[in-house]
Every structure is written in structure tokens, then in C-alpha cells.
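Working notes, structure below.
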Amino acid sequence: MNTIWLNLPVKNLDKAKQFYRDIGFRENPMHKDANHLGSFLIGNKDFVLMLFPENTFKDFIHSEITDTQKDNEMLINIDAQSKEEVDIFAKTVQKAGGTTFNHPSEIDGWMYACGFTDVDGHRWSMLHMDMDKMPKP
């Protein structure tokens, strides 16, 4: 195995693409002009996020899509380099139309995170870990 990427269903492809642009994800040049999907690169290692209209996504998974207004099946984490990066990102998400479900706060004395949903209700978290304060086993 060489690469892993994330596929997400979206209700409104244009709205979802704009949200991810607004929070600073980089459009994947390979699919920049595509009208039937969205593709973004995340982080220094260019983790790929693919966005597909719900009907297309259903064809891939051969099942129904989770109603993210009621349920979620995963939490997608993004690494932050500082607490300040988490704070700034939380404000950026809100300005872009996302919702924070967990405002930036410290967890267990060594982590600092915020949780947010994108415009389709997919749950994400931005997390800074202070490894010097991490409990030792």
C-alpha cells in the first residue's frame, strides 16, 4: 500500500468546495476544474480529501449514507503545531460556515483541541499535542 485518502459525500458540491477553500485546504490541481467531484490536499504530506455528490457516493458504498445531523461514524483529526493555530482555525471554520461543537480547550493537561463540523455535518477536530506534557507509561 502506498497512499490513503478520504472520500466524503456532500449535499451541495459547490458549497462544500467553497467551505474547504475558505478554511485553507488546497485544491488538488489534478481535479481543480472537475464539476462532478472536489479534491483537496491537506497538510505538508498532501493527504487527499475527495468530495462526491451523495448519489455518486452511494454508488461507491452500495448502502445508505449516514445522516450526519443525527449520527456520525468517525472523527477526522488534523494536527496543529500550536494552541494558537487551533484558536485561529476554529474562528476560520466558523467564518466559513462550519460549526464548532467543541470550542478550543485543553484536554488532560497536554492536548488542546477544537471540534467542528463542515457544511455537511462531517465531524473534524484540530488537535495540538504538547508531547513534553504527555503522561509517561
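Quick rundown of the values:
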read-out	value
Heavy-atom accessible area per residue - segment 1-110, 1.4 Å, Å²	68 Å²
Given (1) 12.8; (2) 10.0; (3) 8.7, the label whose value is mean projected area of the Cα convex hull in nm² derived from this model	(2)
J(HN,Hα) series, segment 99-104, from Karplus relation 6.51 cos²θ - 1.76 cosθ + 1.60, nearest Hz, glycine and proline x	10, 8, 9, 9, 5, x
Percent carbon-and-sulfur accessible area, segment 16-91, ignoring ligands, DNA and RNA, probe 1.4 Å	49 percent
Where a label projected 7 Å from the Cα of N35 along Cα→Cβ would reach, residues of segment 56-96 with amide N under 18 Å	56
Extension reserve of the S82-T56 stretch, reckoned as 0.36 nm per residue once the Cα distance is removed	5.6 nm
Extension gain, K15 back to N44 (0.36 nm per residue minus Cα-Cα distance, nm)	8.0 nm
18 Å cut-off, amide nitrogen to a point 7 angstrom out along Q69 Cα→Cβ, residues in segment 13-31	13, 15-16
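The values are calculated or read from the model by the stated rules, or taken from the named source; none is laboratory data. Model, not experiment: these values are computed from the prediction. Reconstructed Cβ throughout: ideal geometry from the backbone, glycine too, with neighbour counts over all protein chains shown. Accessible surface areas use protein heavy atoms only, side chains included; no ligands, DNA or RNA. Shrake-Rupley method; radii C 1.70, N 1.55, O 1.52, S 1.80 Å.
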